[in-house]
1. Got a number for residues in segment 287-296 being buried (at least 17 other Cβ atoms within 10 Å of the Cβ) and part of a helix (DSSP H, G or I)?
2. Which of the residues that make up segment 203-245 are assigned to a helix (DSSP H, G or I) and of a type in the set (D, E, K, R)?
3. For segment 104-144, which positions are touching a His at 6+ places or on another chain (Cβ under 8 Å) and closer than 23 Å to residue 7 by Cβ?
4. Of everything in segment 2-23, what is touching a helix residue (DSSP H, G or I) at 6+ places or on another chain (Cβ under 6 Å) and part of a helix (DSSP H, G or I)? Give them in sequence order.
5. Which of the strands (runs of 3 or more DSSP E) contained wholly in segment 53-165 include at least 3 residues that are surrounded by 17 or more Cβ atoms within 10 Å (Cβ to Cβ)?
6. Mind telling me which of the residues 266, 294, 231, 224 ends up being among the hydrophobic types (A, V, I, L, M, F, W, C) and either touching a residue at least 60 places away in the same chain (Cβ under 8 Å) or closer than 20 Å to residue 118 by Cα (or both)?
7. Can you pull out the residues in segment 24-52 that are farther than 25 Å from residue 152 by Cα, in a helix (DSSP H, G or I) and among the β-branched types (Val, Ile, Thr)?
Amino acid sequence: MLSHDDSKIQDRKLILWARFHPDFSRDVLIPEIEANSIQYHVAPHLIDNFRKYRNAENCLYFIHGFAYADIPAGQEYEVVMRINEGIIDHNSVISCKAIVLCFFSEFKMQPIAYAWHGYHAGCLIQFPDGIPDLIQEMYEITEKKPIKITQEICLCTLETLEVNSGILDTVIVEDKGKSIMKITEEYIREQIQLLYSKDSNTGYAALKELQDASHEDCMVYTHLNEFFDMLENKNSFVRTRGLVLIAENAIWDEKGIIDRFFDSYLQHITDEKPITARQCIKLLPTIAKHKPELIKRMTETLRSADLSCYKESMQPLVKKDIEEALAQIQE
């Protein structure tokens, strides 16, 4: 964990990626947060805090970028500005008090005590002196679909603004000393968007890029919540890509996100599409290798899987996959 106070002053920038339209917040988002809070047994004090502020004046719901620390609810900022590829647009800086009233998990949105360091998720922010016009430049969420970041907005304190010179988070990956590829957060977001492509070749190519990046470090892992969202997609290819990337990133899951939402993963052992189900089953040994605490849950689900939903010609194939997965998990 990295607390706000222990983080570097120049890093204390809360980056906003998208804003929820007030009507969508009222009709869809808030009811979902209420329902998820009950379903996932969120702590009562967090629910009470959310209910206290959910319809507060001069408030908007946002998707924020990767948190610079474990940022507590109640954190205040003093200025707002545009930020492009990690560089602050100093010509856009305006004085504007902002208070983060609540943070929410990105997958199955529900109140959390603080933003998780290195993750992007949701938040409810109040602007006591009025919502600044800059906010209108952001991508607006009016329906459930992947967001497209059009303009990032930065919140920070005057102290952070003074010492900040603009930093682009970049990872340099060396391929056996032969070539160097520059992987940025923007590149990863672009590849994630391509996972939804109707062109199978494009979607597969993006999947391979993200798989390779997942083997290098945890940059892709910070999008784990998005991969869980993909499991609910109507397109079976998208669901399969989500399953693959969750398994590939199990190695980085120190915060236990996979543990928390593993039931939604296990449901795809009997996915309506047998090809997706078979892929899910074959991926379980990978997860078991890095998450042994989940072995009991996965083996119980495998052994009790009802395969009657598949054609008789397909059932023996799925059954064999299950037997092989169980053998590998228990090695």
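Values quoted throughout were computed directly from the atomic coordinates according to the rules given, and no laboratory measurement underlies them. Predicted model only: the values in this text are computed from it and were never measured. Using ideal geometry, Cβ is built from the backbone for each residue, glycine included, and neighbour counts are taken over all protein chains shown.
1. Of the residues in that region, 3 qualify.
2. Across segment 203-245, the qualifying residues are 208, 209, 212, 226, 229, 239, 241.
3. 106, 115, 120, 121, 122, 123
4. 9, 10
5. In segment 53-165, the matching strands (runs of 3 or more DSSP E) lie at 59-64, 76-84, 94-104, 121-126, 152-156.
6. Going through 266, 294, 231, 224 in turn, the sole match is 224.
7. If the condition is that a residue be farther than 25 Å from residue 152 by Cα, in a helix (DSSP H, G or I) and among the β-branched types (Val, Ile, Thr), then 38, 47 are the ones that fit.
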